[in-house]
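Right, one structure below, let's go through it.
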Amino acid sequence: MGEPLNVLIIDDDAQLRRLLTEIVTRAGHIAVPAPSAEAGLELLPFWTFQIAILDHHLPGMEGVVLGEYLRSNNPDMAIALVTGAGDSTLQRRTRAHSITFIEKPFEVAVIRALIDDYADGAREREERRLSRDDPDFAPPIARYASDLGASFAVKSVPDRVQACIVETVKRCLNDLRSVGRYTEHSRVLALSGLLTAKVLDLELPRLPSGRTFYEEYDHLMQQHGRRSEFEGEGPPSSSASMRVRRG
């Protein structure tokens with residue numbers, strides 16, 4: 001089995017939420033449960049999910065609407081809608097957005113297959129990336145531009161801006177180190193954070209490996225057959241070091 005995947009589980013039924021969590025964790029992956037669409041959305045700035053399993057009848061928002069939102073921002077995510085309502089209109093909507101329709105009651109094997117299919121697809125996407133035959137070889141920044149402000153939530157330039165950028169970029173670089181967890185969304189967020197740090201003239205700490213964040217990003221992009229962005233710059237000189245304004 002490859003590295004564990006992050007699986008978002010949203011269901012207001014506590015018993016079903018526990019069942020899905022158990023299925024995911026027994027398969028060796030990380031289950032992150034939430035009782036509502038609102039609670040699930042609050043997790044998105046702090047997690048990169050590869051799979052989302054959604055109940056349709058959620059308080060405040062239909063699962064299919066949430067699924068459509070997730071799909072618009074995460075083209076590589078595997079999304080499943082679990083529902084007892086097998087109406088044809090709902091099935092058409094899920095097909096239109098590449099959302100897997102799972103009707104209750106379901107077999108454990110159906111959820112396992114959803115996870116296994118994503119893992120297989122991740123390996124295929126990695127092979128395409130390494131071949132440089134992928135249309136996303138250059139970062140598809142425009143695809144995710146509308147999501148960047150919410151992801152970084154930078155509103156001013158005090159010390160907390162550095163913490164926000166460092167933690168977001170660290171999380172994304174961690175995802176980029178794994179074949180199964182690599183997504184273009186994480187790539188764009190990491191690059192945007194690093195460019196923001198340059199624009200704001202921030203001093204970023206070195207990683208435990210001894211590399212700068214910029215060197216680590218380029219190293220990972222080379223591993224994945226992607227374009228490096230900061231190669232040849234080296235660490236900033238003392239006269240041009242990136243400082244954080246205290247305030």
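The values are calculated or read from the model by the stated rules, or taken from the named source; none is laboratory data. Just so it is clear, the structure is predicted and the values come from calculations on it, not from any experiment. Cβ placement follows ideal geometry from the backbone for every residue including glycine, while neighbour counts extend to all protein chains displayed.
Taking the criterion of being touching a strand residue (DSSP E or B) at 6+ places or on another chain (Cβ under 9 Å) and under 25 Å from K170 (Cα atoms), would at least one residue in segment 8-19 satisfy it?
Within segment 8-19 (the criterion being touching a strand residue (DSSP E or B) at 6+ places or on another chain (Cβ under 9 Å) and under 25 Å from K170 (Cα atoms)), the answer is yes, since at least one residue qualifies.
Mind checking which residues of segment 36-61 are in contact with an Asp or Glu (Cβ under 9 Å, 6 or more places away or on another chain) and closer than 19 Å to I111 by Cα?
Q50, I53, L54, D55, H56, H57
Return yes or no: is A85 small (G, A, S) and surrounded by 14 or more Cβ atoms within 10 Å (Cβ to Cβ)?
Against the criterion (small (G, A, S) and surrounded by 14 or more Cβ atoms within 10 Å (Cβ to Cβ)), A85 does not qualify.
Restricting to segment 140-178, name every residue that is farther than 16 Å from D218 by Cα and of a type in the set (V, I, T).
I141, V154, V157, V161, I165, V166, T168
Any residue at all in segment 35-48 that is in a strand (DSSP E or B) and not assigned by TED's automatic domain parsing to the domain that holds G149?
The first filter runs over segment 35-48 and keeps only residues in a strand (DSSP E or B), leaving none.
No, every residue in segment 35-48 fails to be in a strand (DSSP E or B) and not assigned by TED's automatic domain parsing to the domain that holds G149.
Before we move on, is S228 in contact with an Asp or Glu (Cβ under 8 Å, 6 or more places away or on another chain) and in a loop (DSSP other than H, G, I, E, B)?
Working: in contact with an Asp or Glu (Cβ under 8 Å, 6 or more places away or on another chain): yes; in a loop (DSSP other than H, G, I, E, B): yes.
Yes, satisfied.
Taking segment 104-153, which residues are polar (S, T, N, Q) and buried (at least 17 other Cβ atoms within 10 Å of the Cβ)?
Hit for segment 104-153 is S151, nothing else.
Tell me which helices (runs of 4 or more DSSP H) are completely within segment 65-170 and hold 1 or more residues being within 19 Å of H29 (Cβ to Cβ) and acidic (D, E), or say none if there are none. Explain how you work it out, then say what you get.
Numbers: elements: 88-96, 108-131, 141-152.
Of the helices (runs of 4 or more DSSP H) lying wholly inside segment 65-170, those with at least 1 residues that are within 19 Å of H29 (Cβ to Cβ) and acidic (D, E) span 108-131.
May I ask you to list the residues in segment 144-203 that are among the hydroxyl-bearing types (S, T, Y), at pLDDT 90 or above and closer than 16 Å to N6 by Cβ?
T168, Y182, T183, S186
Please verify whether segment 204-215 includes one or more residues that are surrounded by 19 or more Cβ atoms within 10 Å (Cβ to Cβ) and under 19 Å from F49 (Cα atoms). Spell out the reasoning first.
The first filter runs over segment 204-215 and keeps only residues surrounded by 19 or more Cβ atoms within 10 Å (Cβ to Cβ), leaving 204, 212-215.
Filter once more, keeping what is under 19 Å from F49 (Cα atoms): none.
Within segment 204-215 (the criterion being surrounded by 19 or more Cβ atoms within 10 Å (Cβ to Cβ) and under 19 Å from F49 (Cα atoms)), the answer is no, since none of the residues qualifies.
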